[in-house]
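The values are calculated or read from the model by the stated rules, or taken from the named source; none is laboratory data. Bear in mind that the values here come from a model prediction, so they are computed numbers and not experimental data. Note that we place each Cβ from the backbone using ideal geometry, even for glycine, and neighbour counts take in every protein chain shown.
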Amino acid sequence: MKLFYPIFKFYINASIHVAFAVVSFVAITVFQFDLLVPPALWVFIFFGTVTGYNFVKYAKIAGLHHRSLTDSLRSIQVFSLVCFSGLLVCCFFLSFQTLLVTALFGLFTFFYAVPFLRKKNLRTFSGIKILIVAIVWAGVTVLAPMVEVNMSLTTDGWLAFLQRFLIVFVLTLPFEIRDLQYDVAHLKTIPQQIGIQKTKILGIGFLMIALVLEGFKDEIINTEIYGLLLLVLLVMVALLLARKKQSEYFASFWVESIPIVGLCVLLVFRHFLT
C-alpha cells in the first residue's frame with residue numbers, strides 16, 4: 001500500500017487520470033459517428049491534456065519556487081516535458097485543420113493561466129472559469145476528431161458538441177463546490193453566486209437539456225441513448241453527492257472517472273445490444 005499510494009498520487013497530480021477522461025470522451029465521439037481517426041490524434045490529445053493541465057496547475061508554483069521544487073513536482077515537470085515533446089512529434093502526423101482547431105482551444109488554456117490584459121488571465125474574469133473548461137473539452141473531444149477525418153459538421157455534430165458542453169459544464173460543478181473554501185469572491189463562480197443547492201438544481205436542468213437534445217438528432221441509436229442516459233445519471237449522482245468539504249479524491253478521481261466509466265458502459269451496450 002505504501003508503494004501504491006505515491007504512484008496513485010503521481011497519477012492524479014500529473015494529470016494522467018484527467019487525460020484518460022478526455023480521451024474517453026474522444027472515444028465516445030468516435031463510436032457515435034463511426035470515425036476512423038489516426039493513432040496520432042489519440043496520443044496528441046492525451047499528451048496535450050497532460051501538458052495543458054500541468055501548465056495551468058504548476059506554472060505559477062514553478063516560477064516562484066524554481067530552486068526549491070519538491071521531488072514530486074520536479075517529476076511532474078519532467079513528465080510534462082516528455083509529454084510536450086511527444087505532442088510536438090504528433091503534430092507532423094495530423095492535418096493542418098486539426099492543428100488549427102486544437103491551437104485555438106490551446107490558446108484558451110494558455111491564457112487561462114498567463115496574464116494578457118491588465119495583468120489578468122482568463123481565470124480571474126468573473127464567472128468565466130467553468131465556461132472555458134466546458135468549451136475546451138467539448139471542442140477537443142467532439143470537433144477535433146471530426147475535423148481530422150474531414151467530416152462535415154452536420155446538425156448531429158453540433159448537437160453532440162452542445163451535449164458535451166453541457167455535460168462537462170455539470171461535471172465541473174463538483175470542483176467549483178469543492179473550491180468554495182479557496183476561491184476568492186471576485187471570481188463569482190456559480191456556487192458563490194447562487195449557493196450549492198441552486199447550483200445542483202441548475203446542473204440537473206442542464207443534464208435534462210442534454211438528454212432532450214438527443215431527440216433532435218437525425219440518427220437516433222438505442223445503444224447511444226442508453227449510454228447517454230447512464231452517463232447523465234452518473235454525473236447527476238456526482239453532483240448531488242458534492243459537498244464543500246469533500247474527501248481528497250472525490251472530485252479529482254471519482255468525478256473524473258465518469259467519462260471513463262461512460263465509455264466502458266457504451267462499449268458493453270454496443271457489444272450486447274447490436
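Yes or no: segment 207-216 includes at least one residue that is on the phi < 0 side of the Ramachandran plot, among the aromatic types (Phe, Trp, Tyr) and part of a helix (DSSP H, G or I).
So in segment 207-216, the residues on the phi < 0 side of the Ramachandran plot come out as 207-216.
Checking the rest, the ones that are also among the aromatic types (Phe, Trp, Tyr) come to 216.
Filter again for part of a helix (DSSP H, G or I), leaving none.
Taking every residue of segment 207-216 in turn, none turns out to be on the phi < 0 side of the Ramachandran plot, among the aromatic types (Phe, Trp, Tyr) and part of a helix (DSSP H, G or I).
Could you please let me know if Glu224 is modelled with pLDDT of 90 or more, part of a helix (DSSP H, G or I) and not aliphatic (A, V, I, L, M)? First the steps, then the outcome.
Numbers: modelled with pLDDT of 90 or more: no; part of a helix (DSSP H, G or I): yes; not aliphatic (A, V, I, L, M): yes.
Criteria not met by Glu224.
Within segment 1-78, which helices (runs of 4 or more DSSP H) (wholly inside it) include 3 or more residues that are modelled with pLDDT of 95 or more and touching a Phe, Trp or Tyr at 6+ places or on another chain (Cβ under 9 Å)?
Numbers: elements: 4-13, 16-33, 39-64.
Answer list for segment 1-78: 16-33, 39-64.
Answer yes or no as to whether Lys119 is touching a helix residue (DSSP H, G or I) at 6+ places or on another chain (Cβ under 8 Å), among the basic types (Lys, Arg) and modelled with pLDDT under 95. Lay out the reasoning, then the answer.
Numbers: touching a helix residue (DSSP H, G or I) at 6+ places or on another chain (Cβ under 8 Å): no; among the basic types (Lys, Arg): yes; modelled with pLDDT under 95: yes.
In short, no.
Taking into account only those residues within segment 8-34 that are touching a residue at least 40 places away in the same chain (Cβ under 8 Å) and among the aromatic types (Phe, Trp, Tyr), which is farthest from Thr154 (Cα to Cα)?
Taking segment 8-34 first, the residues touching a residue at least 40 places away in the same chain (Cβ under 8 Å) are 9-10, 12-15, 17-18, 20-22, 24-33.
Those still in the list that are among the aromatic types (Phe, Trp, Tyr) too: 10, 20, 25, 31, 33.
On the way: Phe10: 40, Phe20: 27, Phe25: 19, Phe31: 16, Phe33: 11 Å.
Once the filter is applied, the top-ranked residue is Phe10.
Checking the structure you have, find out if any residue of segment 190-205 is over 18 Å from Gly262 (Cβ atoms), buried (at least 17 other Cβ atoms within 10 Å of the Cβ) and touching a residue at least 60 places away in the same chain (Cβ under 8 Å).
yes
Answer yes if at least one residue in segment 237-253 is within 20 Å of Ala138 (Cβ to Cβ) and among the β-branched types (Val, Ile, Thr), and no otherwise.
Step one: of segment 237-253, the residues within 20 Å of Ala138 (Cβ to Cβ) are 238-239, 251.
With among the β-branched types (Val, Ile, Thr) added as a condition, the list becomes none.
So far as segment 237-253 goes, no, none of its residues is within 20 Å of Ala138 (Cβ to Cβ) and among the β-branched types (Val, Ile, Thr).
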